[in-house]
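Colleague: Would you mind keeping the following structure in view while I ask a few things?
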Amino acid sequence: MAYSITAGGRVYQFADLRTLMAKASPRRSGDELAGIAAATMEERVAAQMALADLPLTTFLNDSLIPYEQDEVTRLIIDSHDAAAFAPISALTVGGLRDYLLGYDCDSSRLTALAPGITPEMAAAVSKIMRNQDLILVASKCSVITRFRTTIGLPGRLATRLQPNHPTDDPAGVAATVLDGLLYGNGDAVIGINPASDNISAVNRLLVMLDEVIHHYAIPTQSCVLTHVTTQIEAMRRGAPVDLVFQSIAGTEAANRGFGVTLALLAEAREAALALKRGTVGNNVMYFETGQGSALSANAHHGVDQQTCETRAYAVARHFQPLLVNTVVGFIGPEYLYDGKQIIRAGLEDHFCGKLLGLPMGCDICYTNHAEADQDDMDTLLTLLGAAGVNFIMGIPGSDDVMLNYQTTSFHDALYVRQLLGRQPAPEFAAWLAQQGIMDERSRIQVGEQLPLLFANALNRLGSPGHHGGGKAA
């Protein structure tokens, strides 16, 4: 179906819903690379005006990617909750924006609404919202998940402690874990991106993390972010897998490029659930996404990158994850050119994920060839903190020496917690207090004298001949 609108004395034509959505998207380099972006600001505004008048029911009758060709589309349509959609079924996209911003649209109402909103509806309304709108509505969304810690409670901000090492050296990983814990990081997950996908290397990392967590009785969960098939094999061999990780995208073709299908993800989740390793809940999945992933695989079907990203959230939602985060600036300036585009994309992704009922975090990051710097990341960090982001990353000095990109550091979490009065997850906060690391106001208490357990561990790491194997210190 074609769409048209008259604006400024000119008639603007849009061939179909896919074109209208792409033209209405805020400017970003990925859509320009794909040749689907608005040619002028005037065309973009005209598309946004036309999109605002579109009934929400349009998205239930006009699929951007045909139902017969794409299992993500089938998942979206087949799992749509008509009863949850009923309160907004008569609204337009613009009407949905007004509804979401209204005083009466509170956390409980947003939670009930989430199963009735499709990714395309969420993406569409985000395209006509200002940054402040995205922040305000997201701040009203409450999405709480549990494994060994409770993530997403009001007034809380969790972190993923990311102890990556370019050679997967256990001593290097252990030193980074120790450093992060002393900054109050790690309540979302201690998650390693391994340098190798080798099953034996992955198993060694899983065992080491499990020993550390149990030796120090740390209320958190671990994850080694290797391919899901490697994790399934590790579980088959008896490895101590807490969370199952996988990168996902918003089209079947892009996910096949990652080597995954919905059936494979279901198999992995069932295997993890069978281990029964959670203590306060059983959300066992961890997903990462990022705008541009479908386009980079030439699997976007002409759909704009932000809508493709939001479709990935339908995949995540289906598997009830503990954690989901957009790796917002990681793919590079070909998709998000500068700090402004990265900031906008991070706010969009967080808003759309929360609106769909996902426990959204964000890897607030950029690559060194992007037109961005750490000040841009500070801005996005602060805005996402105000928006109620569930978790962020924690990496030594903001510099990931294995993946070669810039993200948030251990002390960045301290900044946001202090600025906005946030605390770690409750189970983790109690452990930090018990260890003498952090007080009830999330202030670091460690001075020149380390807690005894950690002083012993540091001494062992620094001892001659220590190469990081074997049991936890």
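Colleague: Order the peptides 246-253, 263-270 from the highest to the lowest mean number of other Cβ atoms within 10 Å of their residues.
Modeller: So the order, starting with the most tightly packed, is 246-253, 263-270.
Colleague: Turning to a different aspect of this structure: With a 1.4 Å probe and all protein chains kept in place, how much accessible area does E371 have, in Å² rounded to the nearest 10?
Modeller: 110 Å²
Colleague: Treating the stretch 195-354 as a set of equal point scatterers at the Cα positions, no solvent, please give the Debye-formula log₁₀ I(q)/I(0) at q = 0.11, 0.14, 0.21 Å⁻¹.
Modeller: So the normalised log intensities are -0.47, -0.74, -1.30.
Colleague: From the convex hull of the Cα coordinates of the stretch 243-302, what is the mean projected area in square nanometres?
Modeller: 4.3 nm²
Colleague: Using modelled backbone amide H atoms (1.01 Å from N, in-plane), which distant-in-sequence or interchain residues come within less than 5 Å of S247's amide H?
Modeller: It is E288, by chain and number.
Colleague: Heavy atoms of the protein only, probe of 1.4 Å, neighbouring chains included. What is the accessible area of R443 in Å², nearest 10?
Modeller: 110 Å²
Colleague: What is the set of long-range amide H partners of T92 at a cut-off below 5 Å, with H atoms built 1.01 Å from backbone N?
Modeller: The answer is L56.
Colleague: Further question: Using a 1.4 Å probe on the protein chains only, how many percent of the accessible area of the chain belongs to carbon and sulfur?
Modeller: On the chain, the fraction of accessible area on carbon and sulfur atoms equals 52 percent.
Colleague: Over the stretch 11-61, with the other protein chains present, what is the accessible area per residue in square angstrom, probe 1.4 angstrom?
Modeller: Heavy-atom accessible area per residue stands at 43 Å².
Colleague: Listed here are the pairs K23/K140; K140/K276; K127/K340; K23/K340; K140/K340; which of them are more than 21 Å apart at the Cα?
Modeller: On the way: K23/K140 29 Å; K140/K276 32 Å; K127/K340 15 Å; K23/K340 18 Å; K140/K340 24 Å.
Result: K23/K140; K140/K276; K140/K340 exceed 21 Å.
Colleague: Based on the mean of other Cβ atoms within 10 Å per residue, sort peptides 192-200, 139-147 so the most packed one is first.
Modeller: Put in order of decreasing packing, that is 139-147, 192-200.
Colleague: Hey, could you pull the Cα Rg and Dmax for the stretch 1-139, both in Å?
Modeller: 15.3, 44
Colleague: What is the dipole size for the chain, taken about its Cα centre, with +1 at each Lys and Arg Cβ and -1 at each Asp and Glu Cβ, in debye to the nearest 20? Numbers along the way, then the final one.
Modeller: Details: 34 positive and 49 negative charges, 187 e Å.
Value, rounded to 20: 900 debye.
Colleague: In square nanometres and to one decimal, what's the mean projected area of the convex hull around the Cα atoms of the chain?
Modeller: 21.5 nm²
Colleague: Further question on the same structure: In the calculated pair distance distribution of the stretch 135-273, what percentage of Cα-Cα distances lie above 19 Å?
Modeller: 56 percent
Colleague: If you average 1/r across every pair of different Cα atoms in the stretch 350-453 and take the reciprocal, what Kirkwood value do you get, in Å? Intermediate values should be presented prior to the final figure.
Modeller: Values: mean 1/r = 0.0660 Å⁻¹.
That comes to 15.2 Å for the stretch 350-453.
Colleague: Moving to a separate point now. Could you run the Debye sum over the Cα atoms of the stretch 84-150, one equal point scatterer each and no solvent, and tell me log10 of I(q)/I(0) at q = 0.11, 0.19, 0.28 Å⁻¹, two decimals?
Modeller: Debye curve over Cα of the stretch 84-150, log10 I(q)/I(0) at q = 0.11, 0.19, 0.28 Å⁻¹: -0.27, -0.75, -1.49.
Colleague: Sticking with this structure for a sec: Could you give P(r) for the stretch 316-381, binned at 5 Å from zero, as whole percent values over all Cα-Cα pairs?
Modeller: Over the stretch 316-381, the share of Cα pairs per 5 Å bin runs 4, 21, 28, 21, 14, 9, 4, 0 percent.
Colleague: Given P426, T111, A297, which one lies farthest toward the positive end of the charge dipole of the chain, if we put +1 on the Cβ of every Lys and Arg and -1 on the Cβ of every Asp and Glu?
Modeller: Of the candidates, P426 comes out farthest on the positive side.
The values are calculated or read from the model by the stated rules, or taken from the named source; none is laboratory data. Here the structure is a predicted model, which means the values were calculated and not measured. All Cβ positions, glycine included, derive from the backbone under ideal geometry; neighbour counts span all protein chains shown. Note: accessible area is taken over every heavy atom of the protein model, side chains too, but ligands, DNA and RNA are not part of it. Shrake-Rupley method; radii C 1.70, N 1.55, O 1.52, S 1.80 Å.
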